[in-house]
């Protein structure tokens, strides 16, 4: 990932702004594993943050349209207009469509890609990003922020082009973007709802530290078939102080 690996966790120590990539890496371990030491370090980092500074290796200063996470296997970055052609080429796959919401079209044409990119580039805050390899968009990852009393939660989702399946890329992306979402938006919970038949995505979530919370029976319909959804979530432990990452004046 282009960052040091911590001796306690085995995860990159400087993955994301404010050190919470390190903090959530500790959270993925068994409960009670040297959390106090991690919390002390993260507290020091969080209290020293300055909005104008980019403090972590592999993460650029965040401004709309310029987000980039440099990972070991790929980049996660803001969408560019030039991504339309490769995005349409990779997204036009029935196997991908079968595991996504119906808002994702099939067949997937260049026009769909252009409209999608135009839409996400104009959203504030920016929450949907390209998964890129060698500069080419080969997938997408994003999260939907909840509102009102659920404003500390977000739903996450992703897709990756079929030639890149089975390489651990999706797991790495999911871990990084989970941490990014938590830090950037002061979240305590990020969740996902894969279809019950999507065993591969369930395994990715589990490898990324998500825990199965329940099975939502007959809660969705896809391709004319009623199906269950599996509810997975990554929870920031109460022992880890997310409050330190709230911007000044934010409602508690």
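Annotations
- Computed lengthening from residue 80 to residue 165, 0.36 nm per intervening residue step minus Cα-Cα distance: 28.3 nm
- Going by neighbour counts of Cβ atoms within 10 Å, the residues 182, 117, 235 line up, fewest first, as 235, 117, 182.
- Note on the stretch 62-245: Kirkwood hydrodynamic radius from all Cα pairs is 17.0 Å, rounded to one decimal.
- Percentage of interatomic Cα-Cα distances in the stretch 130-208 larger than 20 Å: 33
- Part-to-part distance (alpha-carbon centres) for the stretch 82-122 and the stretch 171-240, which is given in Å: 22
- Relative contact order of the stretch 62-245, defined on C-alpha pairs under 8 angstrom at six or more residues apart (%): 17
Rule-based calculations on the coordinates, nothing more; no lab input. All figures in this text were calculated on a predicted structure; none of them were measured in a lab. Don't worry about glycine lacking a Cβ; one is built from the backbone with ideal geometry, like all the others, and counts go over all protein chains shown.
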